[in-house]
1. Antiparallel DSSP bridges in the chain: what percent, to the nearest 5?
2. Rank these for me by crowding, Phe350, Phe335, going from fewest to most other beta carbons within 10 Å.
3. Calculate the spin-label point distance for Lys304 paired with Ala50, positioning each point 7 Å from the Cα along the beta-carbon direction, and give it in nanometres.
4. What does the helix-only formula give at 222 nm for the chain: each DSSP H stretch with n ≥ 4 adding -39500 (n - 2.57), the total divided by the residues, and the result rounded to the nearest 500 deg cm²/dmol?
5. Go ahead and collect, in residue order, the members of segment 360-377 whose backbone nitrogen is under 20 Å from a label point 7 Å along the Cα-Cβ direction of Ala396.
6. Near the amide H of Glu381, under 5 Å away, which other amide H atoms are found, from residues 5 or more places off or on another chain, if H is placed in the peptide plane?
7. Quick one: Lys151, Lys420, Lys249, fewest Cβ neighbours within 10 Å first, how do they rank?
8. Tell me which aspartates and glutamates have Cα within less than 15 Å of Lys151's Cα, excluding those fewer than 8 residues away on the same chain?
Amino acid sequence: MSRFTPAIGALGALLGVAGFIIYSLAPEHLWLVTLCEGIALIGLIVFFVAHFETFKAFSARRSTRLGFHSVLMVLLLAGILVIVNFLAARHAKRWDLSETQHFTLAPQTHRVLRSLNREVKVTVFAQERGQAFTTYRDLLDSYRQESDKIKMEFVDPERRPGVARQYGITRADTAVFESGTQSTRVTVPSEAELTGALIRISKDTKKQVLFLEGHGERSVADQEKGGFSTAKEALGKQGYEVDTLMLLKEQAVPENTSVLVLGGPRRPVTREEKDRIVRYVDGGGRLLVLLDPDSQADIDDLLKQWGIEAGRGILVDLQDRLAQGDLTALMVRTFTEHEITQDFTFAVLFPVSRHLAIREDPGAKWDIVPLARTSARSWAETNLTDLKARVYSFSATEDVQGPLPLAAALTPKKAPEEGKRRPAIVVVGNSAFASNAYINFPGNTDFLLHALGWLVEERELISITPKEPAFRPFIPNPAQERILLYVQVLLLPSVTFLYGMAMWRKRRRL
């Protein structure tokens, strides 16, 4: 074996040098660099161990040999340490032991990073000792480990004001994303913001989402509780271009429309507008319909031709509802397996909703998948007088027994012609869940973005949006409330009292 160790050591040294040369010339061939450095590390360790006694004996003979071999041993050890550190840096492994998995990237972030097909430069303007600097650095280090397309640079605007002026930075803690001709900025160091910026920067063209107006719909410009301004902001962060459309003034839905949204219409939609919507869908268009119980939009005929009807009444649920809230504030937890609802972990809050009736027609042209259902202890209350008086009682002759669907995804059974887009529709019996008052509720943003992501066929968006570290309260349903009451208020104090009495009696007998 000793005859081959010199050759092994020489081969290890050559492969070590070759690995550094390959990495400097072609860093994209990381697998080849890792192979060379791994074999080099093994070869140098074998050579060092096999000749350790020889080095020791040589170093004891004469001072010149002592110095030479000492230097050689130092160089060998340094080479081993350099290779070990190089491999550790390129293949670092992290374990997130935090309770909330604070340092683990969301599934959507992993998908976005894996789908990057061009280099993205991130320039962070923050003070080196600031909290934002540390947060940006930790997040971007995690991003860079997942994709070699991420290049980052940190600039202290106080030390390098010229660079800050060049980028037009007016506030600290700003990150500038650049890729090709695209550029966007982030001012909050969070995973949701950074991933949203990557989605926007990686696309040369933006998907256009048009909100229909002219029938009392919720407005994307309205910043009050009933408006859609927060939803518009969330869509903008995901790389969508949001605008409005008034079909009364247009002859057809624009061809570049990715999704047409009918967001809570209250006044009737004209026959001409319905015809234009049908032509848009038949031509491969994507439609999102949000329809409230009190809507007077008169689009029943439009929905019926797709095999679905908007049910009468308002949904009441004794089980899946907001704790200590009205029985019409539904906390929907039952979802059908679908691309829109995959990986859901939070319930969706639907305040004052209507159910959807799916027509069972053997000759139906559309496949309909119910996305969300109420519990078995629910029904559609048709007596509005009782609802106003908050008297909730199920009537077998008038009401509709649950569980009932309140959201559905529709696709045509017949495959589209070659080269044509396949139509798709999502109908939800509620529009308030996407309003400013409820969009930030855990699950509501996910449901809206998932539905739009499925409609525009952007698979990387069909996952849970990255969650920022936040307080997530436990919201019990009525059954859980009763259990907590019995356990905390009755059982535990009773057990403590009985145990104390038993100990008191035992000591008294001593």
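1. Details: 37 of 62 bridges.
Counting only bridges with both partners in the chain, antiparallel ones make up about 60 percent.
2. Numbers: Phe350 31, Phe335 19.
Fewest to most other Cβ atoms nearby, the residues stand as Phe335, Phe350.
3. In this crude label model, Ala50 to Lys304 measures out at 8.8 nm.
4. Working: 15 runs with 190 residues, N = 510.
So the helix-based figure for the chain works out to -11500 deg cm²/dmol.
5. 376-377
6. Residues meeting the amide H criterion: Ile314, Leu315, Val316.
7. Values: Lys151 14, Lys420 10, Lys249 7.
Neighbour counts put them in this order, fewest first: Lys249, Lys420, Lys151.
8. The qualifying aspartates and glutamates are Glu28, Glu119, Asp138, Asp141, Glu178.
Every number in this text was worked out from the coordinates using simple rules, so none of it is lab data. Remember, predicted model here, so these are calculated numbers, not experimental data. A quick note on method: Cβ atoms are made from the backbone with ideal geometry, for glycine too, and the neighbour counts reach across all protein chains shown.
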